[in-house]
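Note sheet for the following structure.
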Amino acid sequence: MDNTETDVDIRPEGNVLTINTGSTSTKVGYYSDGVCIFHSRIEHSADELAHFSTVMDQHRLRHRALRDFLDSKRIPPAEIDVVMARGGLITPVITGVYEVNADMLEVLESGRDGIHACNLSAILADDIAREVNEARALTLAESGGAFRQCRAYIADPPMADEMLEECKLGGIPEFSRKTLFHALNSRAVVRRYIRERGRMPRNRSLIVAHLGGGVTVSLHRDGKVIDTTHGLGGDGPITPERAGCCPPFELIDLCFSGQYTREQIRRRLVGGGGAVAYFGTSNMMDVQKLADGGNARARVFLRAFVLNICKYIAALAATADGKVDAIVLTGGIAHNAQLMDRIARKCSFIAPTVVYPGEDELKSLAEYGYRILAGRTHIHTYHKDHRL
């Protein structure tokens, strides 16, 4: 079944709150009848966050900051109809919409499938939905009237797994290829591509390269993501702050050198790799300026960065038997026209390229929220022990 929902005839009615938690910020959007009232970022200072040993311990801090922010914007809780959150690290799941439930909260809070700031999004959404219902109950207590429950949902969580079985197999039984990619934004730009071109034939295949601090490349066929790289685990290209795929013997030697702890090696690969390791910055515009100024190492790094991305695009084209309708480049780095032109030229033998710079995950979440309110989307139930 094609689960790429591209409905354009939904009349957006109601109020949708969207939440996207990052490592040092909480992004918040509020939409009324489809109109964005505000789209803001709540910054959490290093001093504030230093008091917490893990990101999950920041729950109460982030909740207070979010409530204070909504109060400052004069958004009464009782007015919110649905709360949409960025998906956290949960398995097993496929793409689509899930209502936040006890199983999901347990997995996110425990970090069973990984600890990341995105885990807090659904937890905060559940908090707000509960407060909305409490406020509505108080408002209607005297009249005895009934009210529609506000509920919290996530959409397109990053560990969504729809990969072909042959794509999951690793070189030894202990190693299997897993998914962790920019599912929300990647699927949103696929929907945008299809909307802009009207109806497309079935069996369409698009490759999406999301280019930011993390880089993931995913293959979309008829609404399913049948192959993808892994944004954190080393199964992917070099990024501004991540090492990407590493030669295994050299990595083994590094691990047993006695020079690094396990956590130090993880930070070297994720957060301290890529451009950070070479130039001390994760800003690709800084690297571009170095290259433009004659820095030979920066020029080579940019060529390697482009080549890495193109290699993974080509690998996913092989999964699609070479039948790719388009390559979509998105994310913050897609604003760099020079790099995008290089990627497009190098991949021109595969398919035409379209560029959608930046990302608007809050807007994507709001679109899902209005589909839910209109009854125009399937809502999955999350089971922590279910097998795909």
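Mind running the shape call on the chain? Use the C-alpha gyration tensor, a ≥ b ≥ c as the square roots of the eigenvalues: rounded below 1.5 for a/c, prolate if a/b tops b/c, oblate otherwise.
It is prolate, given that a/c is not under 1.5 and a/b is the larger ratio.
Compute the Cα gyration tensor for region 41-116, then decide on rounded, prolate or oblate, letting a ≥ b ≥ c be the square roots of its eigenvalues: rounded whenever a/c is under 1.5, prolate when a/b is larger than b/c in the other cases, and oblate in all that remain. Spell out each step's value before the answer.
Values: a/c = 2.47, a/b = 1.16, b/c = 2.14.
Note, shape of region 41-116 comes out oblate.
Under the rule of at least 5 residues apart or a separate chain, name every residue whose amide H is placed under 5 Å from the amide H of ILE94.
Hits under the 5 Å cutoff: ASP161.
On the protein heavy atoms, probe 1.4 angstrom, tell me the percent of accessible surface of region 248-343 carried by carbon and sulfur.
The nonpolar share, carbon plus sulfur, comes to 53 percent.
Going 7 Å from the Cα of HIS335 toward and past its Cβ, which residues in region 42-67 have a backbone nitrogen under 20 Å from where you end up?
42-44
Using only Cα atoms and rounding to the nearest 10 degrees, what angle (0 to 90) does helix 183-197 make with the longest principal axis of the chain?
90 degrees
Along the charge dipole of region 254-388, pointing to its positive end and built from +1/-1 on Cβ of Lys, Arg, Asp and Glu, which listed residue (LEU339, SER257, THR377) has its Cα farthest out?
It is SER257.
For TYR260, which sequence-distant residues (separation of 5 or more, or a different chain) have an amide H within less than 5 Å of its own amide H, given hydrogens modelled in the peptide plane?
So TYR260 has HN proximity to no qualifying residue.
Output ³J(HN,Hα) for region 312-323: one whole-Hz value per residue in order, computed from phi by the Karplus curve 6.51 cos²θ - 1.76 cosθ + 1.60 with θ = phi - 60°, and x for Gly and Pro.
Along region 312-323, the couplings run 6, 4, 5, 5, 6, 5, 5, 4, 8, 6, x, 9 Hz.
Residue-wise, which Karplus ³J(HN,Hα) couplings in Hz belong to region 346-354, taking 6.51 cos²θ - 1.76 cosθ + 1.60, θ = phi - 60°, and x for glycine or proline?
Each residue of region 346-354 in turn: 5, 9, 5, 6, 8, 5, x, 10, 10 Hz.
Normalised by the number of residues in the chain, what is the relative contact order in percent for Cα pairs under 8 Å and 6+ residues apart?
Value for the chain: 19 percent.
In terms of modelled amide H atoms, which long-range or inter-chain residues lie less than 5 Å from the amide H of HIS230?
Here ASP235, GLY236 satisfy the definition.
If you take the beta carbon distance between GLN149 and ILE37 as r and set R0 to 25 Å, what does 1/(1 + (r/R0)^6) give as a FRET efficiency, to the nearest 0.05?
0.65
Treating only the Cβ of Lys, Arg, Asp and Glu as charged (+1, +1, -1, -1), what charge dipole size does the chain show about its Cα centre? Round to the nearest 20 debye.
On the way: 47 positive and 48 negative charges, 228 e Å.
That gives the chain a dipole magnitude of about 1100 debye.
Show me 209-217, 336-344 ranked by packing, highest mean number of other Cβ atoms within 10 Å first.
209-217, 336-344
Please give the peptides 290-303, 359-372 ranked by average Cβ packing (other Cβ atoms within 10 Å per residue), highest first, as a rough proxy for protection.
Ranked by mean Cβ neighbours within 10 Å, highest first: 359-372, 290-303.
On a C-alpha basis, how far is the centre of region 153-200 from the centre of region 40-64 in Å? Whole number, if you could?
30 Å
Would you calculate, for the chain, the mean residue ellipticity at 222 nm contributed by helices, counting each DSSP H stretch of 4 or more residues as -39,500 (n - 2.57) and dividing by all residues, to the nearest 500? Kindly include the intermediate steps, with their values, before the conclusion.
Working: 13 runs with 146 residues, N = 388.
So the calculated ellipticity at 222 nm is -11500 deg cm²/dmol.
The values are calculated or read from the model by the stated rules, or taken from the named source; none is laboratory data. Not measured: the values here are computed from a predicted model. Backbone-built Cβ (ideal geometry, glycine too); neighbour counts: all protein chains shown. Only protein heavy atoms, including side chains, enter the accessible area calculation; ligands, DNA and RNA are left aside. Shrake-Rupley method; radii C 1.70, N 1.55, O 1.52, S 1.80 Å.
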